[in-house]
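Student: Have a look at this one before I ask anything.
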Amino acid sequence: GRAFGATIEAVHAFPDAASFNLASSVEVAPGEFVDAADIEIGHRRAVAELLARHGLADIQVNFVPGEAADAIVTRAAERRAKLVVLGALRRSRIEQVLLGSTAERVSADLECDVLLVSAAAHAPSVAPTNTAQTAKRRRR
């Protein structure tokens, strides 16, 4: 992104603690309790570890409580994004019916391009590629 003068920004939505109506804390594993504040802290830690593992620790991340599709669409519109890249998860048909698809909702609500990247397709590190060279190699 930086090689092309673009800004890379991540949006990470996490469950809104208010929607859980937690009176105190909840036991999520034997002896492990989580309260509303821990939800955001856990998400921030997991995202930081993921970005660091892929050499992207300097990426700006916007943490937003709520639904992922809403957060992504809102931020992309605010930033007048030209491209939104989403990680795609495989879900069963029943999960798609019950939960819907973040990618479908985002692509339906945005006017910019949306690129879906499957978890199996990601490389150990992210590096800029020359799309003209890649297209030339595919034609061979």
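The values are calculated or read from the model by the stated rules, or taken from the named source; none is laboratory data. All figures in this text were calculated on a predicted structure; none of them were measured in a lab. As a convention, Cβ positions derive from the backbone with ideal geometry for all residues, glycine included, and neighbour counts pool all protein chains shown. Ligands, DNA and RNA are excluded from the accessible area calculation, which covers all protein heavy atoms including side chains. Shrake-Rupley method; radii C 1.70, N 1.55, O 1.52, S 1.80 Å.
Student: Count, please, the residues in the range 17-63 that happen to be at pLDDT below 85, more than 25 Å from E78 (Cα to Cα) and of a type in the set (D, E, K, R).
Tutor: 4
Student: If you take the residues of the range 76-94 that are modelled with pLDDT of 85 or more and over 12 Å from the mean Cα position of the chain (by Cα), which of them is least open to solvent (accessible area, probe 1.4 Å)?
Tutor: Checked the range 76-94; the qualifying residue least open to solvent (accessible area, probe 1.4 Å) is A76.
Student: Could you tell me whether V34 is over 29 Å from L110 (Cα atoms) and in contact with a helix residue (DSSP H, G or I) (Cβ under 9 Å, 6 or more places away or on another chain)?
Tutor: yes
Student: Restricting to the range 27-60, count the residues that are of a type in the set (V, I, T) and loosely packed, with under 14 Cβ neighbours inside 10 Å.
Tutor: Here the count works out to 2.
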